[in-house]
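Quick one: the structure is below, questions incoming.
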Amino acid sequence: MQTAIETAADHELMMASLEAVAATDRDIVPLFFARFFAEHPAERANFHNAASSQGTMVNEMLAMLLALAAGEPWVEMMMRAQLRTHDDHGEIALERYRDALDMLVEILRDTAGPAWSAQWDA
């Protein structure tokens, strides 16, 4: 289990990575979903209002990662709620959620380009 000092450092590292991405002035949502749909084309049908739901999904993923890094106690409950929210899409393997998070980090890294720090991969 991480200590408060470790989670504060993790949170600061995540914020720095997001600032590097923000400095590029590029919208990561279409980048994420281009890759997501390339790997999971059948999922496109589950995004009925793409303009709203895609941005919401990426924002929620980022918010939960930042909260997790900050040691927020509500994150575990919110992650369970997300699993329930997606029940109507059929059974989604937990690996798909991990893959989506890994994909998000890859998009952040690719978008930040040379400004990306190896320590942010963790």
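Using every Cα-Cα pair within the range 35-84, state what percent have a distance larger than 14 Å.
Every Cα pair in the range 35-84 considered, those over 14 Å come to 62 percent.
Another question about this same structure. From the backbone phi of the range 31-39, what are the Karplus-calculated ³J(HN,Hα) couplings (6.51 cos²θ - 1.76 cosθ + 1.60, θ = phi - 60°) in whole Hz, Gly and Pro given as x?
Karplus-based 3J(HN,Hα) across the range 31-39 equals 5, 4, 6, 4, 6, 4, 6, 5, 8 Hz.
Every number in this text was worked out from the coordinates using simple rules, so none of it is lab data. None of these values were measured; they are calculated from a predicted model.
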